[in-house]
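Asks: Structure provided below as C-alpha cells; questions to follow.
The values are calculated or read from the model by the stated rules, or taken from the named source; none is laboratory data. Model, not experiment: these values are computed from the prediction. Positions of Cβ are generated from backbone atoms using ideal geometry, with glycine treated the same way; all protein chains shown enter the neighbour counts.
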Amino acid sequence: MRGFPSYKGQRHYNGRWWTATTGGLVDYESWLERDRLILLDFDPDVVGIASQPFWLFWTTAEGKARSHAPDYFARRADGSALVLDVRAADRIKPRDRVAFDATRKACEALGWDYDVVGSPPQTLLANVRWLTGYRHPRHHLDDVAAALCTAFAAPAGLLDGADEVGDPIAVLPVLFHLLWRRELHTDLDQPLHPESIVTVEAVGW
C-alpha cells in the first residue's frame, strides 16, 4: 500500500475516515477522495475498502518505467472487486490517462471492475454526508427501529413517521441510521427534508 506524505504547504488535504463498512479508518488525500470514500461506505454491496491498495508497475512503448497506485479497492459481498481512481475530469492530464489505461487493462486481466470517477452529484452527496453522522451502530435501537419499519410500511413523510413512533429527538437518529443502512429508503437525489417520503421498500431510488 502507498503511504500518505504530509508536509507544510501541501495543496491537498489528506486525512482518515471512520467507515461503518470496515469498522476502522480508511485514508484519503483530497476532499474529492473523501467524498467518494463516503459513497463507498454507504454502498450496501461493499464489504471491504482499502485506500491506495497496491502499486502497478509497467514499461511504456517507449521503454520508460511507469508506476501507479489507484485510489481505492472495494470488495463486494458477491466476491467481485472494484478499483477506483478519483480525479476531477478537468484535472486529468495525458500522463494520467496513460496510467488509468494501464490500470484498467490490469484490472480486466484479473476480472476486476475499474472506473475513474470525479465529483458525485451534489444533492446526493449532501444527503449522504448528513446520514454519515448517524452511521455508527450506537444509533441502532432495536425497539425504535422495529417501530419505524412498521410506521413506514406504507410510504409516509419523514417527520410524520417519526412523530408516530415517539419524540423526534429520540427517534430521528435511529431513522437516519436506518436510512444509512438502507433498511429505510427515500429519494436521496432530492434534498432531504421533513416531508421527504420514506418507505421500507426501495422504489427505484
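Asks: Of all residues in segment 82-91, which are in a loop (DSSP other than H, G, I, E, B) and more than 23 Å from residue 109 (Cβ to Cβ)?
Replies: 88
Asks: Of everything in segment 18-73 that's among the β-branched types (Val, Ile, Thr) and within 17 Å of residue 101 (Cα to Cα), which residue is modelled with the highest pLDDT?
Replies: First pass over segment 18-73, keeping only residues among the β-branched types (Val, Ile, Thr): 19, 21-22, 26, 38, 46-47, 49, 59-60.
Filter once more, so that each one left must be within 17 Å of residue 101 (Cα to Cα): 59-60.
Details: 59: 93, 60: 87.
Result: 59.
Asks: Further question: What number of residues within segment 24-66 are among the polar types (S, T, N, Q) and touching a residue at least 40 places away in the same chain (Cβ under 8 Å)?
Replies: Adding up the residues that qualify gives 3.
Asks: Right, next: Please count how many residues of segment 25-81 are surrounded by fewer than 16 Cβ atoms within 10 Å (Cβ to Cβ), of a type in the set (D, E, K, R) and not in a loop (DSSP other than H, G, I, E, B).
Replies: Final tally of qualifying residues: 2.
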